[in-house]
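In what follows, a structure is listed as structure tokens, so that the remarks can point back to it.
No value in this document is a laboratory result; all are computed from the given coordinates. On a predicted model such as this, the values are computed, not experimentally measured, just so you know. Cβ sites come from the backbone with ideal geometry, for glycine too, and all protein chains shown count toward neighbours.
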Amino acid sequence: MKAIQALALAAVVLSTHAVASGDPVTGERKATTCMACHGSASFPGIFPLVQLGGRDADKIATKTNKYRSGKLISPMMNLAVMSLNDQDVADVSAYYQKLGKPFLAIPGMRGDEDILASAP
Ligand code: HEC
């Protein structure tokens, strides 16, 4: 019986971990470095073609994790996400999705449709 309870608990812990849901409010605080390059609600960022505002949180998280693991190489990004944990990524991604739209829509900027297309 104890073993079954332990297994059930492990299953709960594991499943919660797998769907680490992000908190946009905490995410805003954690995203200050991201904002410099990827924008915020009031600033397009210094790379306005890769603004993240309004993009799908799952896609942001998936691609961010590829930079964390080194599957994708971009010196700036590898450095920027080095110290994040899974929860940080979920929070920051939730923040960006919640913005609803990029601060400044410009032709040629990346969107949800190609955020993962360029990733191996
Ligand atoms: C110093 C500038 C800089 C910082 C800080 C930075 N990034 Fe980036 N990021 C970039 C650049 C440049 C690219 C495009 C890289 C490429 O495609 O080779 C990028 C790409 C991305 C992409 C892929 C976007 C797409 O459409 O393909 C995601 C997701 C991302 N960054 C998330 C983050 C997150 C989350 C943070 C904060 C923890 C962050 N970045 C911080 C410069 C930055």
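Among the residues of the stretch 78-102, write down those that are within 8 Å of the ligand (Cβ to nearest atom) and buried (at least 18 other Cβ atoms within 10 Å of the Cβ).
Start the filter on the stretch 78-102 by keeping residues that are within 8 Å of the ligand (Cβ to nearest atom), which leaves 79-81, 84, 88-89, 92-93, 96.
Result: A80, V81, L84, D88, V89, V92, S93, Y96.
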Can you tell me which residues in the stretch 56-77 are without any contact (Cβ under 8 Å) to a residue 40 or more places away in the chain, surrounded by fewer than 18 Cβ atoms within 10 Å (Cβ to Cβ) and under 10 Å from the mean Cα position of the chain (by Cα)?
D58, N65
Every residue from the stretch 85-111 that is farther than 17 Å from F47 by Cβ and either within 10 Å of the chain's Cα centre (by Cα) or acidic (D, E) (or both):
D86, Q87, D88, V89, A90, D91, S93, A94, Y95, Q97
